Every structure is written in C-alpha cells, then in structure tokens.
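Visitor: Sharing a structure with you now.
The values are calculated or read from the model by the stated rules, or taken from the named source; none is laboratory data. The model shown is predicted, which means the values in this text are computed figures rather than measured ones. Note: ideal-geometry Cβ built from the backbone for every residue, glycine included; neighbour counts use all protein chains shown. The protein model used for the area step is the full one, side chains on, heavy atoms only, and it has no ligands, DNA or RNA in it. Shrake-Rupley method; radii C 1.70, N 1.55, O 1.52, S 1.80 Å.
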Amino acid sequence: MGGLGEVERPRRARSELMLREMKPLPVDSRILSLAAQIIESPDQDIPVLLLKLKEILITASPGSNESKKIKQDLYYCDLVQYCLLVLKQDYTKVPGGWTTAAQIAEIVSQCCVGLEVKTEREEFYNKLLPSAIDSLLFLGRRLQAQFARAIKDEKRNEFLHCFRTVTDATCWLCRSHIHLVENVLQNKHFQQLLTTDDVETTIQILSLLQNILRTNGKALIQITREALHFLLDELIYKISSTTNPARGNATVKLLLLITESDAQLVVTVNTRYKGLYTLLIKQWTGKGFDKNLNQLLDLLDAKNSNACETQRLHQAACMIQASWRGYQTRKRLKQLPKTITILQRRFRTKREQELQSLKRQREEEHLRQQLQLQRQRAMRLFHERQLTLLEIVHAGQVDKHLHEMREKAALTIQRYWRAFKARRNFHQQKRNLKEYKAAVLIQRAVLKFLEKKRRKKHSFWEQPESLPDEQRILLQQKVESYIKLHPASPMSEEMSRELHHQAQEKLAHYMVRERKNQRAKQHREALLVQVHTDVDQLLNAPSLSECTMRDLNVFMSRSVPVATKAKQSHNAMLKYMQWPWWKKLEEEDFFKEELSKCISHVCLAHPALLGRHLSARLRLLDALQIGSSGPISLPPASLVRLSPGVAVVTD
C-alpha cells in the first residue's frame with residue numbers, strides 16, 4: 001500500500017489541478033465531493049470510497065444524456081484511471097476483500113461502456129481501454145489463484161462469484177469496443193487463465209472466449225500467428241486430456257465457432273492437428289452434444305471441406321424457415337380465439353334457425369290438425385242437423401227445404417267472394433293511389449328544380465353583350481330607312497277618341513268574360529276538392545266491424561266532412577306560417593297548396609263565400625309569387641270565423 005501511495009502522489013496532484021481547472025464547468029457535485037474525499041483519504045480507504053461510484057451511476061438510466069454526462073465527468077476527473085490503478089493492489093486486507101475488487105471492476109466496465117470522449121480520443125481508445133482490459137484480466141488471474149488455493153466451499157464459491165463478475169465485465173467491455181478482442185486474445189494474463197486445469201474457471205474462461213468471438217470473429221485472423229497457435233494448442237489439449245462433458249461441450253462449441261468464422265482456420269486445424277477428427281469420434285460421441293460435434297466433424301472432414309459453405313447456408317435457410325413457421329403458428333394461435341368465437345356464433349345461429357324451423361313445422365302441423373278437426377266437427381254437425389231436419393220437416397217439403405238451403409249457401413259463398421274481391425281491389429287502388437301521389441310529388445320536385453336551374457341559367461341580371469360600333473351604325477341606318485319608307489299615317493282627334501272608346505269596350509267585355517271564366521274555374525276546383533275529400537275520407541274510414549254511429553253521421557252530412565277537412569288544412573297552414581323563415585325556403589308550393597285547399601274547403605262548405613273570396617285568393621297568390629320568404633300581413637278584418645279552429649281569408 002505504501003508503494004501505491006508513492007506512485008499515486010503525482011496522480012493526486014494532477015487530479016487536484018484538474019479539479020481546480022474544472023470547477024467553473026457544470027460538474028456533478030457528488031463527483032467533486034467524492035474526488036475531494038479520495039484525495040484526502042488514506043490508501044486503504046480508497047477502494048471503499050470508489051464503491052460510491054456505483055450509486056452515482058445507478059441514479060441515471062442507461063443510455064440517457066445524464067448517464068453520458070456522469071461518465072464524462074468521471075473520466076475527466078481521473079476517477080476511471082484511479083479505479084484501474086486500484087484494481088492491481090492486494091485486497092487481502094481491504095474492507096470487503098476481493099468482493100470489493102470485483103465491484104470496482106464492474107464499475108470500470110460501466111464507466112467505459114457508452115462513454116463519449118470529446119478530447120484525447122486516441123489516449124482513451126489506445127491506452128485507457130487496453131489498460132482496463134489488462135487490469136481486469138490481471139484481477140481475474142489473481143482471483144483464479146485464490147480460488148485454487150481455497151479449501152472451504154464458502155470461500156471457493158465467493159471467489160468463483162467474483163471471478164464470474166470480472167469475466168462478465170470484460171465481456172461487456174469487449175462487446176461495446178470490439179477492437180479490444182485482439183487485446184484479450186494476445187494478453188498474457190488471458191493466456192495464463194486459459195492454461196488452468198480447474199473445471200469451473202475453465203468453463204467460465206471458455207464462455208468468455210466464445211462470447212467475445214461472437215462479437216468479433218475476424219479478430220482471430222488479425223492476431224499474431226503465435227497467439228493463434230497458442231489458443232488452438234490449448235483448446236486441443238483440453239479436449240484431449242479431459243473427460244468432463246461440460247468442459248468438452250464448451251471446448252467443442254468454441255472450436256466450432258473458430259472453424260465457422262473463416263475457411264482458412266479449418267485448413268489450419270486439419271493441417272496442424274491431423275488426429276483430431278478420429279479423437280473427437282472416439283472420445284466424445286454420445287456425450288450429449290452430438291449436434292455441435294457432428295457440425296464440427298463435417299467441417300473438419302477433408303471430403304466435405306468444399307461443401308462447408310453450402311452446409312452453412314443450408315443451416316441458415318433451415319433456421320429462417322423454422323422462425324417463419326413459428327411466427328405463422330403463433331399468429332394462427334393468436335387468431336384462434338376469434339375464429340372459435342365466429343364458429344360458435346355461426347353454430348348458434350344455425351342451431352337457432354333449425355329450432356325456429358322445427359317450431360314452425362310443429363305449429364303448422366298443429367294448425368293442420370286443428371283445421372282437420374274443425375272440418376270433421378263441422379261435417380258431423382252438418383250431418384246431425386240434416387238428420388234432425390229430416391225428422392222434423394214433412395217428407396213432401398224436404399226437397400224444397402234442401403233447395404232453399406243450397407240457394408242460401410250459394411248466396412253466402414258469392415257474398416264472401418265479392419267482399420274478398422272488393423277488398424282486394426280496394427287495397428290495390430289504395431296502393432296505386434299512393435304510387436300516383438308519390439309520382440306527382442317527385443315530378444313536382446323535379447320540375448321545381450329544373451325551373452330554378454333554368455332561372456339561374458337565364459338570369460335577368462346578366463348584362464347583354466354589347467354590339468360593336470359598326471353593327472350599331474348599320475342597324476340605325478336600317479331603322480331610319482324603314483321609317484322613311486313607311487311613314488306613320490296622320491290621325492285626327494275624333495278618330496283617336498273613337499279608337500279609345502272601342503278599346504275600352506273590348507277591355508270591359510274581356511274583364512266580364514274573364515270573371516265568368518274565373519268563377520267557373522273556381523267552381524271546378526271546389527268540385528275537385530270535394531271529390532278528393534270524399535276519397536280521403538273513404539280511404540281513412542274505419543272498417544265496418546269498427547264503425548260507430550258518429551262515423552256514419554260524418555258520411556251522412558255534406559258539410560261535416562268538408563268542414564273537418566277545412567279545419568285540418570287550416571291548422572296545417574297556421575302551423576306552416578309559424579315556421580322560421582329558413583325552414584320555408586323550400587316549402588313555397590306546400591303553403592300555396594294548403595292555402596288553396598283551405599279556401600276551397602271553406603267555400604265548398606259555404607258556397608255564398610265563393611265569389612267574395614276569389615279576389616282575396618288571387619291577391620294572396622300574387623303576393624306569394626312576389627316573395628313568400630317573409631310573413632304575409634293581413635288586416636284583422638280579413639279573417640271570418642266559421643267554426644272553432646276554422647277561418648278563411650276574405651277581403
């Protein structure tokens with residue numbers, strides 16, 4: 001420990017200088033505090049203080065920016081370098097013993113993995129990382145020696161656990177920096193670890209070698225020939241001198257990995273170790289790892305050396321196919337519950353349909369039996385009635401009575417048949433009437449749409465195309481020439497008065513004739529409304545079995561159905577007039593039709609009002625044509641109350 005202190009004095013001075021220089025930088029306060037404690041503490045307490053680095057590293061998630069910043073602070077504060085120097089001291093008298101050394105080795109691996117060095121990159125990659133590998137392997141050799149000297153099982157297990165921790169840290173560091181695999185294979189401490197005879201540590205070293213070769217298999221070609229021959233000699237010695245299946249399995253896997261990495265290595269192994277093929281067959285066949293052994297034998301066989309690449313590709317294809325089949329199987333298994341649910345739903349649906357069909361068949365069979373029983377019962381009653389009549393009626397009157405019974409039966413059948421035919425025709429006419437009304441409604445909507453489209457196309461606001469000046473002058477010349485050729489004839493004042501008087505008489509005759517035509521048209525419309533009212537009342541009338549005396553009074557009176565229809569039309573018109581303006585934009589025809597129906601029904605119920613309301617109806621229709629989006633204001637005197645809820649617009 002005293003030697004370490006003398007060696008570390010320059011390092012401590014450098015650390016103090018760097019701490020002074022880095023104080024202005026945003027360095028983690030925990031790292032600065034720990035560095036100050038290490039500088040001020042004695043040498044035997046330094047390993048225990050370095051264990052606090054693990055708590056600092058755990059606080060940040062791996063791969064995050066915070067974790068990278070902490071590792072950079074540890075590196076630039078020389079705490080990583082300090083850990084590497086501490087690994088080479090003796091831990092026999094250090095608190096925690098060799099467990100503390102294994103934890104420091106794990107801390108070194110964590111600090112170097114994922115560390116991004118911005119300055120002095122060459123020093124980090126070419127000096128610090130190889131030094132870290134050397135320190136880890138040196139610590140592993142010392143742990144292996146302690147394990148070999150230990151007698152108690154507890155101590156052996158403790159040293160073996162520490163040895164595994166160190167090898168895992170080395171493997172993790174090599175996976176992050178693959179160029180370190182060459183340093184591991186050529187390191188003298190690693191070669192000494194490989195020559196050990198302990199089964200536990202040998203298996204652990206072989207596992208470490210297998211993991212780093214999977215990371216960088218090309219390192220075997222880049223190392224020196226002596227290091228490669230030493231590695232192969234040691235592996236061949238282990239597989240030939242041991243009978244332990246675990247050790248043999250690990251060695252066979254490692255040889256298979258080495259030979260698969262490069263074809264030249266296969267030639268080297270066959271040339272340097274000519275009896276290896278026979279040794280593997282005799283000594284290791286049937287030991288539980290025949291698959292790897294057979295692959296190694298196929299590679300070492302001189303006859304199959306040309307087919308090695310084909311065999312490797314075949315194995316890769318088989319692995320890809322197995323992975324694909326496994327994926328498809330998992331996918332089908334994942335969709336299996338949904339498929340089963342669909343199958344169960346369809347099965348239940350089909351079973352329900354079968355049960356419904358069976359139930360329907362049973363009901364039809366039961367109905368058929370009931371009808372048959374009713375027919376038999378009716379036939380039996382008929383025969384009994386005939387026998388009774390034969391006993392009561394005189395023998396001379398039997399034929400006459402039977403003839404009357406036949407006529408009654410024929411009349412009953414004819415009556416039922418005519419009623420059935422009339423009902424069928426009525427329903428057919430009712431359906432045809434609905435279709436006719438639907439067709440009229442559709443035609444009205446289409447014609448209204450076409451009219452709007454035509455008005456929009458031929459808008460009055462469109463300015464006419466202006467005539468060119470030449471054409472305007474030409475037309476003006478034609479008009480002047482026509483006026484010159486056809487001058488207006490002179491007319492005296494008496495002739496003008498006579499012509500005006502004739503025009504007034506013709507206009508008066510035309511107005512009288514037009515008024516008569518309008519009255520006749522109004523009368524025709526009233527008759528049509530009366531016919532439509534009768535048809536609607538008949539369509540909406542109840543059946544004869546449900547008819548009451550009140551319904552009969554409606555049809556017996558002439559004015560009651562008309563007044564009822566007028567009331568309905570008037571209520572519909574009032575409801576329409578209460579709608580907001582945006583709802584009446586597309587309902588102009590509806591308002592006109594309801595207004596016409598209302599006035600027609602009222603005038604039909606009161607013929608005296610027919611002439612009085614004609615001019616008011618025409619003015620209302622003219623007002624609707626001018627603009628019906630807003631409400632129509634009428635004076636209070638224009639409403640004549642006829643009955644509760646019925647009114648008509650008058651002058």
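Visitor: Among Tyr125, Tyr75, which is open to solvent by 30 Å² or more (accessible area, probe 1.4 Å), in contact (Cβ under 8 Å) with a residue 40 or more places away in the chain and within 24 Å of His179 (Cα to Cα)? Walk me through it before giving the result.
Guide: Working: Tyr75 fails: open to solvent by 30 Å² or more (accessible area, probe 1.4 Å).
Sole residue among the options that is open to solvent by 30 Å² or more (accessible area, probe 1.4 Å), in contact (Cβ under 8 Å) with a residue 40 or more places away in the chain and within 24 Å of His179 (Cα to Cα): Tyr125.
Visitor: Another question about this same structure. Could you tell me which of the residues Glu407, Glu435 is open to solvent by 100 Å² or more (accessible area, probe 1.4 Å), closer than 30 Å to Ser545 by Cβ and either touching a residue at least 24 places away in the same chain (Cβ under 8 Å) or among the acidic types (Asp, Glu) (or both)?
Guide: After applying the criteria, what remains is Glu435.
Visitor: Now for a different question. For the subset of the range 484-510 comprising residues that are in a helix (DSSP H, G or I) and open to solvent by less than 100 Å² (accessible area, probe 1.4 Å), which member is modelled with the lowest pLDDT? Write out each step before concluding.
Guide: If we filter the range 484-510 for residues that are in a helix (DSSP H, G or I), which is where we start, we get 484-485, 493-510.
Next, only the ones that are open to solvent by less than 100 Å² (accessible area, probe 1.4 Å) stay: 496, 499, 502-505, 507-508.
On the way: Ser496: 86, Leu499: 89, Gln502: 92, Ala503: 91, Gln504: 92, Glu505: 92, Leu507: 92, Ala508: 92.
Ranking the candidates gives Ser496 first.
Visitor: Would you be able to say whether some residue in the range 21-40 is modelled with pLDDT under 50, assigned to a helix (DSSP H, G or I) and under 21 Å from Ile70 (Cα atoms)?
Guide: yes
Listed here are the residues, each with its yes/no results for (1) open to solvent by 10 Å² or more (accessible area, probe 1.4 Å); (2) assigned to a helix (DSSP H, G or I); (3) more than 30 Å from Ala145 (Cβ to Cβ); (4) of a type outside the set (D, E, K, R).
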| site | (1), (2), (3), (4) |
| --- | --- |
| Pro62 | yes, no, yes, yes |
| Glu66 | yes, yes, yes, no |
| Lys71 | yes, yes, yes, no |
| Cys83 | no, yes, no, yes |
| Asp90 | yes, no, no, no |
| Lys93 | yes, no, no, no |
| Gly96 | yes, no, no, yes |
| Ala101 | no, yes, no, yes |
| Ala105 | no, yes, no, yes |
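Visitor: Same structure again: Taking the condition without any contact (Cβ under 8 Å) to a residue 24 or more places away in the chain, outside any helix (DSSP H, G or I) and more than 25 Å from Val199 (Cα to Cα), does Lys338 pass?
Guide: Taking the combined requirement at face value, the residue does not satisfy it.
Visitor: Within the range 458-466, identify whether any single residue is open to solvent by 80 Å² or more (accessible area, probe 1.4 Å), assigned to a helix (DSSP H, G or I) and more than 25 Å from Asp536 (Cβ to Cβ), and answer yes or no. If you could, list the steps in order and put the result at the bottom.
Guide: Initial filter on the range 458-466 (open to solvent by 80 Å² or more (accessible area, probe 1.4 Å)): 458, 460-466.
This time we only want the ones that are assigned to a helix (DSSP H, G or I), so: none.
Checking the range 458-466: not a single residue is open to solvent by 80 Å² or more (accessible area, probe 1.4 Å), assigned to a helix (DSSP H, G or I) and more than 25 Å from Asp536 (Cβ to Cβ).
Visitor: Looking only at the range 355-394, which residues are under 20 Å from Met405 (Cα atoms), part of a helix (DSSP H, G or I) and hydrophobic (A, V, I, L, M, F, W, C)?
Guide: Ala378, Met379, Leu381, Phe382, Leu387, Leu389, Leu390, Ile392
Visitor: Taking into account only those residues within the range 308-335 that are open to solvent by less than 80 Å² (accessible area, probe 1.4 Å) and farther than 30 Å from Asp262 by Cα, which is farthest from the chain's Cα centre (by Cα)? Before the answer, list the steps.
Guide: As a first pass, look at the range 308-335 and keep what is open to solvent by less than 80 Å² (accessible area, probe 1.4 Å): 308, 311, 315-318, 322-323, 326, 328-329.
From what's left, farther than 30 Å from Asp262 by Cα: 326, 328-329.
Details: Gly326: 27, Gln328: 23, Thr329: 25 Å.
Among them, the one singled out is Gly326.
Visitor: Which of the residues spanning the range 155-178 are under 15 Å from Leu137 (Cβ atoms) and either small (Gly, Ala, Ser) or open to solvent by 80 Å² or more (accessible area, probe 1.4 Å) (or both)?
Guide: Matches in the range 155-178: Arg164, Asp168, Ala169, Trp172.
Visitor: While we're looking at this one, here's another question. Got a sec? Which helices (runs of 4 or more DSSP H) wholly within the range 224-329 have at least 3 residues that are without any contact (Cβ under 8 Å) to a residue 24 or more places away in the chain?
Guide: Working: elements: 225-241, 245-261, 263-272, 276-284, 290-300.
Here the list reads 225-241, 276-284, 290-300.
Visitor: How about the range 554-588: which of its residues are at pLDDT below 70, assigned to a helix (DSSP H, G or I) and within 25 Å of Val446 (Cβ to Cβ)?
Guide: Result: Trp582, Lys583, Glu588.
Visitor: Give the range 416-439 a look and list any residue that's within 47 Å of the chain's Cα centre (by Cα) and farther than 15 Å from Asp536 by Cβ, or say none.
Guide: Arg431, Glu435, Ala438, Ala439
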